[in-house]
Structures are given as structure tokens and as C-alpha cells.
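The values are calculated or read from the model by the stated rules, or taken from the named source; none is laboratory data. Because the structure is a prediction, the values reported are computed rather than measured. Neighbour counts are summed over all protein chains in view; Cβ atoms, including those assigned to glycine, are modelled from backbone coordinates with ideal geometry. These area figures cover heavy atoms from the full protein model, side chains too; ligands, DNA and RNA do not enter into them. Shrake-Rupley method; radii C 1.70, N 1.55, O 1.52, S 1.80 Å.
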Amino acid sequence: MTLNIVLSGYGRMGKETEKAALAKGHRVVATPDSLADWQLMADAIATADVVIDFSLPDAAGDNAERALTLGKPFVTGTTGWNPDYDHIRHLIASHGGAFLLASNFSVGVNILFYVQKQMAGLLADAGGYRAVIEETHHIHKKDAPSGTAIRLANDLVATMPPLQRWENNPSTDREVLPVISYRQGEVPGTHVTTFTSANDVLTLKHEALGRGALAAGAVLAAEWIAGRQGIFTFEEVLGLSR
């Protein structure tokens with residue numbers, strides 16, 4: 001099915017997502033980058049089947065409200081903000097539409113989430129392992145740590161005692177998971193989880209080669225969510241939540 005897609009936030013990721021959408025035969029009907037754009041492009045936005053958002057953290061919430069008030073499914077990869085899920089549920093109940101936030105739309109990264117959780121559980125049972133997360137991104141990225149690193153960190157804190165919290169700096173506290181962030185050049189995104197014991201080291205690593213995987217995943221999510229109503233996860237799109 002061909003979709004009419006609105007790209008909310010027309011920066012680097014928006015343009016990459018446009019390429020991925022057009023390559024699959026979809027139409028991009030509007031590219032609002034501000035409130036004024038939403039108003040100027042209102043007629044085109046009204047024809048949309050779904051909104052894909054790669055805006056900024058301080059704009060994503062407003063963009064979600066605009067889309068959901070119109071009854072449009074809203075797929076966002078913008079991190080660094082905290083959605084008001086109660087308000088989102090209210091908007092969906094009142095107007096229809098759907099909401100999906102992913103910290104990372106890469107299929108490979110989402111498999112990393114799944115595998116890390118399984119490995120962390122096994123190592124927690126074995127005991128004696130200390131975890132560290134490192135993430136590296138381009139210098140243009142606004143938030144640190146990345147949404148992907150936060151997701152990885154929260155999963156480890158929930159799975160590996162005695163961890164109680166994560167901090168975005170090195171730490172020797174056994175209850176603290178260190179998350180180390182680097183901002184270098186034009187690095188698309190690298191995430192490394194290292195488990196170290198007195199006897200060995202296990203490493204999980206995902207290295208993005210470009211933005212294409214994120215764009216392709218966002219379009220996949222848009223295809224899946226079109227016509228649905230509710231709040232969903234990218235794991236559901238990929239069948240990893242079963």
C-alpha cells in the first residue's frame with residue numbers, strides 16, 4: 001500500500017527518511033519544520049496516512065499533539081524528551097491515531113536490545129560481572145547519552161543486581177552503571193556494552209554505517225502502524241515482544 005507521509009523535522013534524518021520512503025513507492029506530502037509550516041501545509045497534512053518525526057526534543061511533544069489531534073499515526077525517533085503518555089492516550093481516545101517512539105529505528109540495534117537483555121540475565125545469574133556502556137555519535141547530536149544508550153542502560157539496571165542506577169560518567173560504585181558518551185566528527189552511531197569479570201570480557205557492539213538503517217526502520221514502522229490505533233513499540237513492529 002502506498003502511504004502519504006508527512007516528515008516532521010526536515011533535517012538530516014528527515015531527508016534520509018524521504019529517500020527511504022520514496023524508494024518504497026510512498027509519497028511525501030509535507031515537510032513541516034516549524035509551527036508556521038504546520039499551518040501553511042495544513043491541506044497537504046490533512047491527506048497524510050502517517051507522520052514520521054525526526055525533529056528536536058523541544059519540538060517533538062508539540063508535533064505529536066498536532067498529529068494526534070488530526071487523528072494521524074505519529075512515529076518518532078526524536079530522543080531527549082519525555083512523552084506525556086496520559087495525554088497521548090487521551091488524544092488517541094478522542095481523535096484516533098497511534099503513537100510509536102523508538103530510541104533507535106535500526107533493526108540491528110533492536111536485536112542488540114534483545115540480545116543484551118538475555119545476556120545480562122545469564123551473567124547476573126553467574127555473578128561477578130561488571131557492565132559498562134560506551135556510545136559515540138557525531139558532534140551535531142544534541143542529547144547525551146543517546147536514547148539508545150539510555151535504553152541499554154535501563155535494561156541493564158533492571159536486570160543486573162546490584163545495579164541501582166546509571167550515570168553519564170565513569171564510576172567505580174558497584175551500584176552505578178557507567179555510561180560514557182563521546183561526540184566525534186560525523187560518526188553515525190556506535191554502541192558498545194562490555195561485561196568484565198576477573199576471568200574474561202564479553203563485548204556486544206553495534207556500529208551504524210550511516211543513517212540509512214534508521215530511515216528504513218522508520219518507514220517500516222510507518223507502514224506497520226498506518227491504520228492502527230494505540231501506543232506501540234518498535235519491538236512489536238519487529239515481532240521481538242512475543
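Values as computed for the structure displayed
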item: Principal axes of the range 7-67: Cα extent on each, largest first, Å; result: 29, 24, 15
item: From phi via Karplus (6.51, -1.76, 1.60), per-residue ³J(HN,Hα) for the range 129-140 in Hz, x at Gly/Pro; result: 10, 10, 9, 9, 10, 10, 9, 10, 9, 5, 5, 7
item: Efficiency of FRET from Cβ geometry, Leu56 and Asp86, R₀ 25 Å, rounded to 0.05; result: 0.65
item: Beta bridges per DSSP with both ends in the chain, % antiparallel, nearest 5; result: 35 percent
item: Separation in nanometres of the label points that stand 7 Å from Cα toward Cβ, at Thr190 and Asp143; result: 2.3 nm
item: For Ile111, solvent-accessible area (1.4 Å; no DNA, RNA or ligand), Å²; result: 80 Å²
item: Approximate shape of the range 18-130 as ellipsoid semi-axes (Cα gyration tensor, √5λ), whole Å, largest first; result: 34, 17, 13
item: Rg/Rh ratio calculated on Cα atoms of the chain (Kirkwood radius); result: 1.00
item: Cross-link pairs beyond the 30 Å C-alpha cut-off, checked among Lys72/Lys117; Lys19/Lys205; Lys142/Lys205; Lys72/Lys141; Lys15/Lys117; result: Lys72/Lys117; Lys15/Lys117
item: Sites His95 and Asp200 - FRET efficiency at Förster radius 51 Å, r taken between beta-carbons, to 0.05; result: 0.45
item: Computed helical MRE - 222 nm, the chain, DSSP H runs ≥ 4 contributing -39500 (n - 2.57), nearest 500; result: -12500 deg cm²/dmol
item: Amide proton proximity set for Ile180, modelled H, under 5 Å, gap of 5+; result: Ile133, Glu134, Glu135
item: 12 Å beta-carbon shell around Thr193, net charge (K/R +1, D/E -1); result: +1
item: Whole-Hz couplings from phi, Karplus 6.51/-1.76/1.60, listed for the range 6-12; x for Gly and Pro; result: 9, 9, 8, x, 10, x, 4
item: R0 of 25 Å, Cβ-Cβ distance Lys117-Met1: FRET efficiency to nearest 0.05; result: 0.15
item: For Gly230, residues with placed amide H under 5 Å, excluding near neighbours; result: Ala98, Phe99
item: The range 67-112, Rg to Rh (Cα coordinates; Rh as Kirkwood inverse mean 1/r); result: 1.05
item: Longest to shortest principal axis, alpha-carbon extents of the range 146-236, angstrom; result: 50, 34, 23
item: Between the range 177-242 and the range 1-27, the alpha-carbon center distance in angstrom; result: 20 Å
